[in-house]
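Comments concern the structure below.
The values are calculated or read from the model by the stated rules, or taken from the named source; none is laboratory data. Every value quoted in this text rests on a predicted model; they were computed, and no experiment measured them. So basically every Cβ, Gly included, is an ideal-geometry build from the backbone, and we count neighbours across all protein chains shown. The area values use the complete protein model at the heavy-atom level, side chains included, leaving out ligands, DNA and RNA. Shrake-Rupley method; radii C 1.70, N 1.55, O 1.52, S 1.80 Å.
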Amino acid sequence: MFEDFGERLKRLRINAGLTQAKLGSRVNKGVTSISKYESGAMLPTMETAVDLAFQLRVSLDELFGYDNASSVSTFGLTDEQKEIISDLILLFRAQNTQNKSSLSPEQYEIIGKIMEAFYRK
């Protein structure tokens, strides 16, 4: 089921046991603003979205409905590690579009880089 921002905000607010007035008070917004966010008439600024997420105890991704299962955080990785992961993703995409069942030489090369990165001291 597709849930838009307003529906998600309302659900999260209700789950948190907050009224529109209480949530608005916590993020320095009036009931009218919260109502407009929930109806889809208006989107919050980034600053307000951060405040909303904090008050609702959710991430910005969850507040905006991004599927965490389809994203990978690269927080804490080195630039080299990020590049390896990016290369691997591109190679898997290419393999999936070609319906090949074996690894390509490029994929073996990436796997070698991964192994090297894990065992480097």
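What the table shows:
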| item | result |
| --- | --- |
| Pair list, Cβ under 8 Å, 6 or more apart: region 31-56 residue loosely packed, with under 14 Cβ neighbours inside 10 Å, other residue not in a helix (DSSP H, G or I) and not hydroxyl-bearing (Ser, Thr, Tyr) | GLY40/ASP4 |
| Residue match in region 88-105 (condition: modelled with pLDDT of 80 or more and of a type in the set (Ser, Thr, Tyr)) | no |
| Count of region 1-30 residues which are open to solvent by 90 Å² or more (accessible area, probe 1.4 Å) and either in a helix (DSSP H, G or I) or touching a strand residue (DSSP E or B) at 6+ places or on another chain (Cβ under 8 Å) (or both) | 7 |
| Qualifying residue in region 63-75 (condition: among the charged types (D, E, K, R), surrounded by fewer than 14 Cβ atoms within 10 Å (Cβ to Cβ) and at pLDDT 85 or above) | no |
